Each structure stands twice: as structure tokens, then as C-alpha cells.
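Participant: The following block contains the structure, expressed as C-alpha cells.
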Amino acid sequence: MRILLLTHAFNSLTQRLFVALQQDKHDVTIEFDINDETAQEAIDLFQPDLIVAPYLKRAIPDSIWLKHTCLIVHPGIVGDRGPSSLDWTILNHGNTWGVTVLQANAEMDAGDIWASIEFDMRDATKASLYRNEVTTAAVQAVQQAVEHFQNTEFKATPLKQKLISAKGKLRPLMAQNVRRINWQNDDTAMVLRKIRCADGFPGVRDELFGREVFLYDAHATKGLQGEAGEVIARSGLAICRATVDGAVWIGHVKDKTHHHAFKLPATVLFADKVQDLFEVPEAEGYQQIWYEEDKDVGYLHFPFYNGAMASQQCQDLLAAYQQATKQNTKVIVLMGGADFWSNGIHLNMIEAAKSPADESWANINAMDDLSEAIIRTTSHIVISAMQGNAGAGGVFLARAADEVWAHEHVILNPHYKDMGNLYGSEYWTYLLPKYCGEDHAKRITQARLPMGVGEALDLGLLDAVIQGEKAGFIEAVKSKATTLAQQSNIYDRLQKKEVQRDQDEADKPLSAYREEELRRMKKNFYGFDPSYHVARYNFVYKVCKSRTPLTLAAHRSMSLNGLRRAA
Ligand code: COA
């Protein structure tokens, strides 16, 4: 079938749907929902059988839904309507939630129901639930709806019919006055729910050090107390604020009035205010990196917010990694975080730096140091285990390990070009030919599309896919890593690894790869072409796209090719 994904942005859910529908052998293309005219133009060009809208911020116009079947993915259970579905259920501490696929009609979220799936809720941020439970349910529900669409006997159920028994209802946009934290009254659990139900967007409006800010990335603390509402400590990137029955760490904040009006670590935004605060070591406070050991295997966890890795974070991770290589273990597993393995250099921190070019340079060098240390490790077999997605340099950093394992739902974006034609480093020019072969390396670098684990496995970006519930991923990785560490040939394998590394080094030293990559990166950062700086600015400030990139809008590039051929 020809399926047009009409979407506000190519977000994680849309990316997974795109991959899944393509795997199901549908002909899929994407159009950003910019205005009625461009949407209509896409329909005229592509002539879709079906329009699926995974993520919209406005209603589909009558002129479109009256003529075409348009299926909307709504992140709520049957009967739920309104723009703050997940926010309400997190705030109200719901046990289960769901996704409904309904047909667009004159009333928002009130069309006939084509499919719905429910899932158990988890204590997590809205963004994390969206990237995991909602996305998985959405893919299943859309696949069901597509099957129903192909079955001429199927009749979608009118919402009115379902409303008799449905638990969902119409709920308004959750305004900031509902989200507001009453520090003198709300207990820690409520403060966490209020921040989590607004994280990643829009954040909870609050006041810190006399400035109006939006709060994100909240975690419960252990054993800290103070006067409710007071900032009482700092730890790593976070500050600690007392509640009526404990305290919370707040890792990230946004000050919309500041000249850097995007999310930044709390201790960076308030660098001048936090110096004298009581400092809690990261291991007991806001912990971004931790190591655990079990049966000859060391596990390094690094759940950096949004998978972004600033210079200091890369350096801290490198130090932790070097420490791990000194332990009497045989395997090291790089676990990343639950939502992201890594998304490469930290674009927000770069944007906020005095010299973004210098900070880009420092950040890519810190990433390269880490990548190099992984590549040069001959004392251990190193595994990258992806619980969550990876993008840009994060994918190539993972490939620096001997093996890359990923959960079946992981999506990779192994490309840098969307960031203003960034050349990229992390030794990708060494790693891709080595693990993927020259042809696949070319395919990977030329594509600018997300890929699922099947394709990544075929191309050599992954070595193993771990199936099953996400909740069981860590246990499955531990079992696999333990088996690997206990294999009788592990010492042979380590010896071979050392010989291969020496051979590779003799063929072309790592320093030469790095030098060549960084020469190109220097041009991106300091050269005459400002594309990278412009793209980074647009990314960080979330500047809306005014057109769909041709890499996504296959229907537009097809027509362009047709025109070129005709000319
Ligand atoms: N630096 C800083 N923030 C980053 C980031 C990075 N490298 N990568 C992602 N983020 C942030 C996004 O701004 C977004 O922030 P929000 O919480 O305010 O919404 C959040 O992480 C999630 O990203 P989003 O783009 O919504 O996720 P996605 O799953 O839809 O897309 C990517 C994933 C990887 C395709 C996309 O995030 C991306 O292109 N990131 C930039 C990668 C890059 O170019 N890195 C630099 C070169 S190494």
C-alpha cells in the first residue's frame, strides 16, 4: 500500500512507524504538516491509499479527510481526547494507559476507532513513556489498523458506541497553573509527577534564584532534607530542592528569557549561584555514570539526559571506562541509558558556550578520546548494549566496541549530514569499513534515514538483537555477557584481538584516521560555510521546518527526478 505519513516532525515515534511500515513492504513517504496547501500537494504527488498522522499539532483540514482515509495516532485510551493525554495520566498516577488509532473527522480525536492497545504505566517522564510504551503500542495499533483498512469487511467503531463503556474522556490542555508546584504542600512523589508529566515538553514553570524557569529531569534524593522549596545542595549537573517530606534533584532547566533559552544543566545555567551550595558526591547524588560488576563482567551505565554527551561527560566516562579496564574482569558492557545509548556531542552545551566553534572542537576531541580508548582495549571484550536509540556520533561510538547488541525496538540514525553537513569523527572512517565493509560503509554514510535493527544487523552496525520486553533487556544482556565471559576461548579471542589491533595499526595508525576526520571537522567548525552552526542553532531552538527535507519526502524527490529527466 502507498502510505503517506503526515506529521508535525520526524520524531522518534514517526521514525519507528516509518521503519515498521517499510518492513511490512508498504511504500511509505513523509510530509511535514506545514499548511493545508503543502499537505494537499503531497497527496497529489504521491496519491496515497492511506494517510497516517502519527504526530500532529493541528487538525487535518476537511478538504483532505473528506476525500481520503486519514488515521490519527492518539496517545490515549479509547474515549480519551485532548492535547495533554499522557500528562494527565502521569499526574493522576494512572496504572494503565494506551494508544488509539482513529479516523480524522470534523471533531478533534473523536473519529471512528480503527485499533487501540493498552499498556502498563511506569514511573517515568512523559518523553520516556512516549519513546517506549506509547511508540510500541502505536506501531502495533497502526499495523492492526492498516490490516483492517485492507479488509473490505472491516467497519471502524464509532466513538459514540465505545463511549458507553470507555474509561477515557475529553480533557483540556494541561495549563501551567495545574502543573505549578506548591513547595509548601506537595510531597516528593507529587513534585516528581508534576515535573515528569511535563518532561521533555513544556516543563514546569517555577522560580529559581529569582528567575522564572522551566524544570526537567527530576529524581528523588536519598536522605536530604531542608526547608520546603529551598535549594539545599548540588551534585554533578543538578541542584537539590527540598520538599515537605524530602528533596528532589533537578538536573535540567530552561530560562526562556535568557539569551540561551533552551534546556541546560541546572548548575550550568546557575553557575554563579551554586558555588557555595553543599556538594553531594555524584555517587550519592545525581549520578550520571555508574559501574557494577557481576561474574567477570563490568557494566558501565551512562544515562545522560537526552543522550547528549558534553566534553566533561565524555571525560568522566573515559575515566570510568579506564578504571573498568583495570578490573579483573573479561568483558565490559557499555550500557548507555534506558532511553538513549548516545546522541553524540552535546549541541545545547555547544550553543551556550562562549565560542561554539571551540566547544565543538573540544567536544569532538573528547568523544574521539573515548572512542579511541574503546578501540585500543585489548584486555577485555567490549560490548555496546543499546537499550535505547542512538544517533549521529553516538552510533559510531557504539561501533568502537567489539560487538554491538541492541533491543529489537532500537532505532539508529547513523548519519551526521543533517547537522549542517557535519563530516563526523569518532573514527567512523576506520570503524565502518572494518565492521560493515566498504560497500555498506558507503550506503550508511549516504543515507540520511533512520534504520531499524534488521537493517543495522544486515549492514554490520549491529551484531545481535535482543528480543522481548524492554524491562527484561538488562537481564538478557547480563546473561549473554556472562556466557561470553565464561567461554573457554575468551583468552584466544583476546589474543586475536590484540594481533588484529597491531595489524590494523601497522596498516594505518588510528592517529591518521583521526587527523583526517578532524581536518574536515575543523572546516565545519571554523570554515567559511556556516551550515553546521545554522543547523545547530535551528536544532537547539527547535525552529520549525518550513519544508520537508527531500531525503524524507520521497514523493517530492520522485517528482523532481521526473522533472529532471523530462528536462
Ligand atoms: N545534543 C543536545 N540535545 C540533543 C542531542 C544532542 N546531540 N540529540 C538529541 N537531543 C535532544 C533534543 O533536542 C530533544 O530535546 P527535548 O527534550 O527538548 O525535546 C531530545 O534530545 C530528544 O531528541 P529528538 O530529536 O526529539 O529525538 P528523536 O528520537 O526524535 O531523534 C535524533 C533522534 C538522534 C535523530 C535527533 O535527536 C538528532 O538529530 N540529534 C542530533 C544528533 C547530532 O547531530 N549530534 C551531533 C553530531 S555527533
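What follows is calculated from the coordinates using simple rules that are stated; it is not laboratory data. These numbers were taken from a predicted model, which means no experiment stands behind them. Methodologically, a virtual Cβ is constructed for each residue, glycine included, from the backbone with ideal geometry; neighbour enumeration extends over all protein chains shown.
Participant: Going by how many other beta carbons lie within 10 Å of each one, how would you line up Leu457, Leu370, fewest first?
Facilitator: Leu457, Leu370
Participant: While we're here: Can you show me the helix-derived [θ] at 222 nm for the chain, built from DSSP H runs with n ≥ 4 at -39,500 (n - 2.57) apiece and divided by the number of residues, rounded to the nearest 500.
Facilitator: When only DSSP H runs of four or more count, the value is -11500 deg cm²/dmol.
Participant: With charges only on Cβ, +1 for K and R and -1 for D and E, what is the dipole size of the chain about its Cα centre, in debye, rounded to 20? Provide the component values of the computation, followed by the final result.
Facilitator: On the way: 61 positive and 71 negative charges, 214 e Å.
It works out to roughly 1020 debye.
Participant: Work out Dmax and Rg for the chain from the C-alpha atoms and quote the Rg first, both in angstrom.
Facilitator: Reported Rg and Dmax, both Å: 24.4, 74.
Participant: Please list 3J(HN,Hα) in residue order for the stretch 40-50, calculated via the Karplus relation 6.51 cos²θ - 1.76 cosθ + 1.60 where θ = phi - 60°; whole Hz, with x for glycine and proline.
Facilitator: With coefficients 6.51, -1.76 and 1.60, one gets 4, 4, 4, 5, 4, 6, 8, 6, x, 7, 8 Hz.
Participant: Quickly work out the Lys545-to-Ala220 label distance, labels modelled 7 Å from Cα along the C-beta direction, and quote it in nm with one decimal.
Facilitator: Between Ala220 and Lys545, the simple spin-label model gives 4.0 nm.
Participant: While we're here: Treating each Cα of the stretch 176-279 as an identical point scatterer and ignoring solvent, apply the Debye formula and state log10 I(q)/I(0) at q = 0.11, 0.19, 0.24 Å⁻¹.
Facilitator: Calculated log10 I(q)/I(0) at the listed q: -0.27, -0.87, -1.44.
Participant: Also, quick follow-up: Suppose R0 equals 25 Å. What FRET efficiency, 1/(1 + (r/R0)^6) with r the Cβ-Cβ distance, do Asn185 and Asn92 give to the nearest 0.05?
Facilitator: Efficiency, rounded to the nearest 0.05: 0.90.
Participant: A further question follows. Note down the magnitude of the dipole of the stretch 209-316 about its Cα centre, charges +1 on Lys and Arg C-beta and -1 on Asp and Glu C-beta and zero elsewhere, to the nearest 20 debye. Kindly include the intermediate steps, with their values, before the conclusion.
Facilitator: On the way: 9 positive and 16 negative charges, 105 e Å.
It comes to approximately 500 debye.
Participant: 5 Å is the cut-off here: which amide hydrogens, built 1.01 Å from N in the peptide plane, fall below it relative to Val204, excluding neighbours closer than 5 in sequence?
Facilitator: Amide H neighbours of Val204: Leu215.
Participant: Something else now. Describe numerically, in nm with one decimal, the distance between label points set 7 Å from Cα along Cα→Cβ at Ser511 and at Gln315.
Facilitator: Inter-label distance under the simple model: 2.2 nm.
Participant: Could you list which residues have their amide H under 5 Å from that of Ile232, counting only those 5 or more apart in sequence or on another chain, with H placed in the peptide plane?
Facilitator: Here the answer is Cys240, Arg241, Ala242, since their amide H atoms fall under 5 Å of that of Ile232.
Participant: Which order, highest average first, do 85-98, 242-255, 171-184 follow once you tally other Cβ atoms within 10 Å for each residue and take the mean per peptide? Working shown, then result.
Facilitator: Working: 85-98: 18.5, 242-255: 21.6, 171-184: 13.9.
Averaged packing, sorted descending, gives the order 242-255, 85-98, 171-184.
Participant: What ³J(HN,Hα) values, in whole Hz, does the Karplus curve 6.51 cos²θ - 1.76 cosθ + 1.60 give for the stretch 307-322 when θ = phi - 60°, with x put for Gly and Pro?
Facilitator: x, 8, 10, 6, 3, 5, 5, 5, 5, 5, 5, 4, 4, 5, 5, 4
Participant: For the residue pair Lys155 and Asn421, what label-to-label distance in nm results when each label sits 7 Å from Cα along the Cα-to-beta-carbon direction?
Facilitator: 5.8
Participant: Anything over 23 Å Cα to Cα? Flag those among Lys256/Lys354; Lys326/Lys497; Lys169/Lys194; Lys25/Lys162; Lys222/Lys542, in the order listed.
Facilitator: Lys25/Lys162; Lys222/Lys542
Participant: Considering every pair of different Cα atoms, what Kirkwood radius, in Å, is found for the stretch 290-524?
Facilitator: Numbers: mean 1/r = 0.0563 Å⁻¹.
Every distinct Cα pair counted, the radius reaches 17.8 Å.
Participant: Just subtract the alpha-carbon distance of Gln23 and Glu279 from 0.36 nm times their residue separation and send over the number in nm, one decimal.
Facilitator: Here the segment from Gln23 to Glu279 would lengthen by 87.1 nm.
Participant: When you count, for each residue, the other Cβ atoms within 10 Å and take the mean per peptide, how do 549-556, 205-212 rank with the highest first?
Facilitator: Ranked from most to least packed, the peptides come out as 549-556, 205-212.
Participant: Compute the length gained on full extension between Lys167 and Arg443: take 0.36 nm times their separation in residues and subtract their Cα-Cα distance, giving the result in nm to one decimal. Please list the in-between numbers first.
Facilitator: Working: separation 276, 0.36 × 276 = 99.36 nm, distance 4.79 nm.
This chain segment gains 94.6 nm when fully extended.
Participant: Could you tell me the calculated FRET efficiency between Gln322 and Gln500, based on Cβ-Cβ distance and R0 = 22 angstrom, to the nearest 0.05? It would help to have the intermediate numbers written out before the result.
Facilitator: Values: r = 21 Å, r/R0 = 0.97.
Result of the calculation: an efficiency of 0.55.
Participant: While we're looking at this one, here's another question. So for the stretch 144-257, taking the charge dipole from beta-carbon charges (+1 Lys/Arg, -1 Asp/Glu), which of Cys197, His148, Ser235 sits furthest toward the positive end?
Facilitator: His148
Participant: Once the Cβ-Cβ distance between Phe528 and Ser355 is put in as r, and R0 is 22 Å, what FRET efficiency do you end up with, to the nearest 0.05?
Facilitator: Values: r = 17 Å, r/R0 = 0.77.
After rounding, the FRET efficiency stands at 0.85.
Participant: Moving on to the next point. Under the Karplus relation 6.51 cos²θ - 1.76 cosθ + 1.60, θ = phi - 60°, what is the ordered set of whole-Hz ³J(HN,Hα) values for the stretch 363-370, x standing for Gly and Pro?
Facilitator: Karplus values, whole Hz, x for Gly and Pro: 5, 5, 5, 5, 5, 5, 4, 5.
Participant: Return the Rg/Rh ratio of the stretch 2-163 with Cα-based radii and a Kirkwood Rh.
Facilitator: 0.94
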